[in-house]
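Nothing in this text is a laboratory measurement; each read-out follows from the coordinates by a stated rule. From a predicted model like this one, the values you see are computed outputs, not experimental measurements. Quick reminder, even Gly has a Cβ in these numbers, built from the backbone with ideal geometry, and neighbours come from all protein chains shown.
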Amino acid sequence: MGKMWKLLTMLLCLLALAGCGSETAQVALPEQGAAPVSKKGEVAVYMDSTLSMLGYANFPTDSEYAVALKSIEQALNVAWKESNVQFYRFGNMTQPLSREEFLQAATPGFYRDTDNKLQSVVAGLKPDQVNIVVTDLFQTDQDMQSIITAMNSKFLGDGNMVALLGMSSRFNGTVYDIGNAGLQFQYQSSADPKSYKPFYFLILGPEQDVLHLVQAFEKILPNTVPRKLLVYGDKLGTEGRLTAAKADLPAGQRTYAATSSLLGEQSGYLQYILKDNPGLLLLDFNVTLPYAMKVEKPEFVLDKLEAWQNGKFVNTAAKGFKKTEVLTTASKEKNLECRVALQLDPTKLPQRGIYRVHVALRPSLANYRQIQQVFKSWNMDVSGMDSWNESNFPGNTTFNLDKFTNSLAEVAYVSLEPSFAGSWIYFKY
């Protein structure tokens, strides 16, 4: 009997200890922000079959272009255990291809069309699947604007995104449709990769699936294929973490006590108890970027304030409640670290209760434009067009590329309000 009492006593002590420091959540966790990666890949691959692409395949052995085409199926196998892939060619018209016909895209005979209808292809893409459009992106100003308009209506927002994966390859053929006069030149690259001609995988579809596939391409593509990447989505970072900074407050400043009573200890979100006095929160953003970006001082914004009412959070307003500031910014390769300050005056809140705010780290428009300059060295400088001949033609560049990426950046900045990272912070006042 004595042993039984000892056992019961130990169990009661353990239960008491387990309860110490753990508090029952008072409110719900945030809704899942982004849809998960699809369990099965639904993919459509569109091949530009115009004569302007022939030079990439005009080699007795695989060019970098041919290697990149083979990587499509390999990347899909890495990204998804199961995928449903449809192949198409587009030029004079859009036609479905069998897998065997698609494999012929690595040979010169595949390229025989004279009219590139890329804008019609993009306008017809399905936004609920991943679309890979393989092209050299040689477009007139009018066609370029039509393509951007189609992208904006279907893929810039509502959980979708656009990625531009640019690569370069040996080339031996004719470059068509340059400038208003539609000039054409023969171009043959040398063994130097700097002479290679760019081509592009335009990847459009659900955000998480596109990012997942881009990461698969990074794993599959060999280093012998030069490449660059741009993404146009509402999230510029692939991962972001917001933590309380381990730093002393400025002289005379007060802060607020952390708590776990609102969401529990394992929520992963910052939680604080607000008092009537104004106070300062020092916070650190640590962001992983999809590629190296030169990030200048970003903007720290509080874009949502919600109050807990009748079992749910609802939008509210509180003029003069907050003031935000970016204190330090460190950007290196694919990492971004920012220390930010959130100054609060709880007395400006409508009433006492539970609140949450959403904060985000965003680029300024000027910095966003700068971030999009990844392909600047691949843009064709047409200032000397009148003196071009086959010996000095810059075939290792793309006509109108700057216009395309800059115009797409302008539209994306307005449509998406892109951020490097964002998080919710919870308060009890």
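Just to confirm the number: angle between the C-alpha axis of helix 2-19 and the first principal axis of the chain, 0 to 90 degrees, nearest 10?
That helix lies at roughly 60 degrees to the long axis.
In region 41-233, if the dipole is taken from +1 on Lys/Arg beta carbons and -1 on Asp/Glu beta carbons about the Cα centre, which of I220, I148, N84 is farthest to the positive end?
I220
Using only the Cα atoms of region 257-298, construct the convex hull and provide its projected area averaged over every direction, in square nanometres to one decimal.
Spelled out: convex hull of the Cα atoms, projected over all directions, averaged, 4.9 nm².
Name the long-range amide H neighbours of T398: under 5 Å, sequence gap of 5 or more, or other chain; modelled H, no Pro or chain starts.
Here the answer is N379, M380, since their amide H atoms fall under 5 Å of that of T398.
Within region 93-118, find all residues whose amide N lies under 19 Å from a label point positioned 7 Å from the Cα of Q184 along Cα-to-beta-carbon.
Taking a point 7 Å out along Cα→Cβ of Q184, the residues of region 93-118 whose backbone N falls under 19 Å are 93, 108-118.
Report the Cα-based extents of region 263-326 along its three principal axes, largest first, to the nearest Å.
Taking max minus min along each principal axis of the Cα atoms, region 263-326 gives 45, 29, 21 Å.
Give the value in nm², to one decimal: projected area of the alpha carbon convex hull of the chain, averaged over all directions.
29.3 nm²
Taking the Cα-to-Cβ direction at K194 and at K312 and moving 7 Å from each Cα, how far apart do the two end points lie in nm?
If labels sit at K194 and K312, their model points lie 6.1 nm apart.
Pick out, from V314, T61, L164, the residue whose Cα sits farthest towards the positive end of the charge dipole of the chain, with +1 on the Cβ of Lys and Arg and -1 on the Cβ of Asp and Glu.
V314
Compute the helix-to-body angle for 64-79: its Cα long axis versus the longest principal axis of the chain, expressed 0 to 90° and rounded to tens.
30 degrees
So how many Å³ per residue does the convex hull of the Cα atoms of region 124-208 work out to?
Spread over its residues, the Cα hull of region 124-208 gives 106 Å³ apiece.
Distance check, please: which entries in K39/K322; K228/K297; K235/K332; K126/K228; K154/K323 exceed 30 angstrom between their Cα atoms?
Over 30 Å apart, Cα to Cα: K39/K322; K154/K323.
At 0.36 nm per residue, and after removing the present C-alpha to C-alpha distance, how many nm does the segment from E239 to M385 gain when stretched out fully?
Between E239 and M385, full extension yields 48.2 nm more.
Using the Cα centre as the reference, give the magnitude of the dipole from point charges on the C-beta atoms of the chain (Lys, Arg: +1; Asp, Glu: -1; all else neutral), rounded to the nearest 20 debye.
Approximately 1780 debye in magnitude.
Would you mind getting me the FRET efficiency between R99 and T224? Use the beta-carbon distance for r and R0 = 35 Å, nearest 0.05.
It comes to 0.90.
For region 297-429, place one equal point scatterer on every Cα, skip the solvent, and apply the Debye formula. What is log10 of I(q)/I(0) at q = 0.09, 0.14 Å⁻¹?
The calculated log intensity ratios at q = 0.09, 0.14 Å⁻¹ are -0.45, -0.79.
Calculate, in nm to one decimal, what Q253 and K70 gain on full extension: separation in residues at 0.36 nm each, minus their alpha carbon distance.
59.9 nm
If R0 is 35 Å, what FRET efficiency do you get for T347 and D303 from their C-beta distance, rounded to 0.05?
Once the sixth-power term is evaluated, E becomes 0.95.
Relative to the longest principal axis of the chain, what angle (0 to 90°, nearest 10) does the C-alpha long axis of helix 401-416 take?
30 degrees
So, how do all the Cα-to-Cα distances of region 41-233 break down into 5 Å bins, in percent, from 0 on up?
1, 8, 16, 22, 21, 18, 10, 3, 1, 0
Please work out the FRET efficiency for the pair N92 and S260, using the Cβ-Cβ distance as r and a Förster radius of 56 Å; give the result to the nearest 0.05.
Once rounded, the FRET efficiency stands at 0.30.
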